[in-house]
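Below you'll find the structure, written out as structure tokens, and then a few comments.
The values are calculated or read from the model by the stated rules, or taken from the named source; none is laboratory data. As the structure is a computational prediction, the values presented were derived from the model and not from experiment. All Cβ positions, even for glycine, are placed from backbone atoms using ideal geometry, and neighbour counts span all protein chains on display. In case anyone asks, the SASA skips ligands and DNA or RNA and just uses the protein heavy atoms, side chains included. Shrake-Rupley method; radii C 1.70, N 1.55, O 1.52, S 1.80 Å.
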Amino acid sequence: MIDFKNFKRPQRYIGNEWNAIVKRKKAKLRICICYPDIYEIGMSNLGIKIIYSLLNKYPHVACERVFMPADDMAEFISQGRKKLFSLETKTPLNEFDVLGIHLGYELNFTNFLNILELGGIPLKASDRKKTIVMGGGIVNPEPLAEFVDLFFLGEFEEAADEFIGVLKKYRTKEERLAALAQLDGFYVPKFYEVSFLNNTYHFEKKYAQAQLPIKRVYVKDLNNSHYPQKWLTPHTQIVHDRAQIEIARGCPNQCNFCQAKAVYFPYREKKLASITQLITKIYETSGYENFSLLSLSASDHSEIAEIIDSSYDFFKSKRIGLSLPSLRIDDVVGRLYSKLLLLKKTSLTVAVEAANDPLRRSLNKKIDIKKLFEAAKIIKNLGVRYMKIYFMFGFSQESEEDLSAIGQFLNALNKSSGLALKASINIFIPKPFSCWQNFPMEEEKILENKRKIILSYIPRRRNIKISLAFLKKSILEAVISRADRKFSSVIYRAYTKGAKFDGYRENFSWNIWEDSMKEEGIDYRFYLDARTDNFPWSFIETANMHMSSNS
């Protein structure tokens with residue numbers, strides 16, 4: 001037995017949280033799902049909670065969890081004293097039938113390899129005999145093709161029945177992979193040959209029954225799709241420590257740079273009755289005192305005012321705080337003001353993207369800045385202390401005036417509203433499936449110069465805090481997000497050199513990645529400058545592509 005008191009934050013490893021599900025040896029199929037970051041971050045992920053609850057509804061399936069251990073636990077395990085284990089039953093990872101990994105953030109990929117190694121699972125798919133390593137939450141799977149047996153592309157709730165049906169019907173790993181490869185959304189890399197000739201990627205099936213192209217799967221009916229009502233409640237504080245009520249999926253807006261618009265297409269809403277029922281049930285089973293109405297654009301929900309109206313008395317009587325993290329400014333100033341005034345602890349996050357109107361219009365980002373300033377004053381009257389604001393830079397059409405305007409914008413907003421401001425300023429990455437996926441990323445020297453200009457105009461005030469993107473980290477994220485199968489060897493080499501927790505600035509080492517790319521003979525600039533309509537992910541078809549082709 002491990003004495004967890006010997007480790008920092010032992011709650012990360014103990015399990016047995018409120019509403020955790022422990023089936024022990026009753027189930028015939030054993031699945032472990034994983035978020036490749038520490039517990040506090042992984043437990044904030046809504047997808048992990050949905051899939052955990054969904055898979056455990058099958059009587060013959062035991063779904064457990066594991067997260068990336070912190071350094072002290074990882075060192076203990078690597079000394080050979082124990083394999084990395086699940087939270088629920090402390091079972092070593094290599095004893096599960098399936099290890100499902102959420103792979104939504106490229107800078108967690110080396111953590112993923114570390115989890116495999118600590119869990120006693122061979123890193124490369126070709127070396128595994130039993131466990132199926134399955135990746136989900138990913139847009140471009142190709143950089144991990146060497147390590148992952150099976151990818152699911154899309155929203156897993158829609159395919160869970162088929163997935164479990166295949167696992168029940170077939171016993172061997174190869175039989176299961178062959179059967180799953182015939183279903184929409186499931187991608188087995190070894191069943192495909194990918195080549196790059198004449199500046200074009202070519203995709204061919206090596207297994208006749210495999211799908212090509214592969215369609216991303218989406219939930220058809222959000223109201224009847226599975227959603228956890230017994231909310232998994234940690235013993236320790238996590239990053240997003242609130243109960244999340246998903247009120248819509250997808251986005252009705254048309255921002256040019258946005259990947260989520262395509263990946264989560266089409267836009268779907270939950271009905272008022274479903275939402276209010278979830279609020280009541282989740283409170284009863286968790287006791288959470290803070291709730292969030294979650295979607296990419298909450299106030300675009302056709303019944304947002306009615307949702308707040310119907311839950312107001314309940315929230316007030318239970319002293320529940322409400323977070324609406326993605327409201328449109330027009331709605332704060334207009335129809336929702338009187339309703340928000342009645343609620344406590346309301347917070348506001350606004351993605352402005354660009355401080356000047358002409359640049360913002362070129363991004364198709366529709367925000368009235370005058371109304372934003374008015375809304376800031378309103379939320380100050382609501383008792384809110386700060387506003388979160390998101391900006392981007394690195395667009396080819398932006399000028400020095402656009403960059404300096406960010407600091408001027410923050411200064412003016414702070415003075416006029418009295419709010420503390422938390423600004424996150426990120427670099428534009430032409431991500432797969434976005435409208436601008438075939439745009440080149442700006443050169444490093446240009447981005448570094450733009451970064452300096454932005455910093456020089458940021459006002460030095462205690463109540464204005466900024467988080468400015470670390471250039472090399474953004475470049476690596478862009479490279480991996482756009483890379484092909486050849487990049488698997490770079491990820492492996494970087495991992496063997498010690499790359500881990502690359503998403504944390506204090507752990508990030510550009511030198512490791514640069515050396516690894518050079519040693520593998522890869523010029524990373526190729527992935528950033530490819531101006532083409534053919535990509536490593538071109539064999540994947542999103543729902544909006546499929547619908548437009550049938551319209």
Filtering the stretch 532-545 down to residues that are open to solvent by 70 Å² or more (accessible area, probe 1.4 Å) and either modelled with pLDDT of 90 or more or assigned to a helix (DSSP H, G or I) (or both) yields Met545
Please name all residue pairs, on different chains or six or more residues apart, with Cβ atoms under 6 Å, provided the first residue is in the stretch 90-116 and is farther than 24 Å from Leu46 by Cβ and of a type in the set (A, V, I, L, M) and the second residue is open to solvent by 10 Å² or more (accessible area, probe 1.4 Å) and modelled with pLDDT of 95 or more. Leu113/Leu123; Leu113/Tyr495; Leu116/Leu123
Sort out which residues of the stretch 92-111 are in a loop (DSSP other than H, G, I, E, B) and touching a strand residue (DSSP E or B) at 6+ places or on another chain (Cβ under 6 Å), and write them in order of number. Phe96, Asp97, Leu103
Can you go through Ser467, Ser474, Ser434, Ser416 and tell me which one is under 21 Å from the mean Cα position of the chain (by Cα), in contact (Cβ under 8 Å) with a residue 12 or more places away in the chain and open to solvent by 20 Å² or more (accessible area, probe 1.4 Å)? Ser467
Looking only at the stretch 318-331, filter to residues that are under 28 Å from Gln237 (Cβ atoms) and out of contact with any Ser or Thr (no Cβ under 7 Å at 6 or more places or on another chain); which one of those is modelled with the highest pLDDT? Lys318
Exception for Glu444 within (1) open to solvent by 20 Å² or more (accessible area, probe 1.4 Å); (2) touching a strand residue (DSSP E or B) at 6+ places or on another chain (Cβ under 6 Å) falls at (2)
Mind listing just one residue for me: the one in the stretch 46-83 that is in a helix (DSSP H, G or I) and of a type in the set (Val, Ile, Thr) and, of those, most open to solvent (accessible area, probe 1.4 Å)? Ile51
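Yes or no, residue by residue, for (1) of a type outside the set (Phe, Trp, Tyr); (2) at pLDDT 95 or above; (3) within 24 Å of the chain's Cα centre (by Cα):
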| position | (1), (2), (3) |
| --- | --- |
| Met1 | yes, no, no |
| Gly15 | yes, no, yes |
| Lys26 | yes, no, no |
| Tyr39 | no, yes, yes |
| Gly47 | yes, yes, yes |
Can you run down the residue pairs with Cβ atoms below 7 Å, 6 or more apart or on separate chains, where the first is in the stretch 497-508 and over 9 Å from Leu107 (Cα atoms) and the partner is part of a loop (DSSP other than H, G, I, E, B) and not acidic (Asp, Glu)? Ala499/Ser509; Arg505/Phe470; Asn507/Lys500; Asn507/Phe501
Yes or no: Leu116 closer than 17 Å to Phe151 by Cα and surrounded by 22 or more Cβ atoms within 10 Å (Cβ to Cβ)? yes
Return the residue satisfying two criteria in turn: it lies in the stretch 289-317 and is open to solvent by 40 Å² or more (accessible area, probe 1.4 Å) and among the hydrophobic types (A, V, I, L, M, F, W, C), and of such residues it is nearest to Gln237 (Cα to Cα). Leu294
Looking only at residues in the stretch 264-288 that are touching a strand residue (DSSP E or B) at 6+ places or on another chain (Cβ under 9 Å) and in a helix (DSSP H, G or I), which one is most open to solvent (accessible area, probe 1.4 Å)? Tyr283
Cβ-Cβ below 6 Å, separation at least six or inter-chain, first residue in the stretch 168-196 and in contact (Cβ under 8 Å) with a residue 12 or more places away in the chain, second small (Gly, Ala, Ser) and open to solvent by less than 80 Å² (accessible area, probe 1.4 Å): which pairs? Ala181/Ala210; Gly185/Gly154; Gly185/Ala159; Val188/Ala181; Pro189/Ala145; Phe191/Ala181; Phe191/Ala210
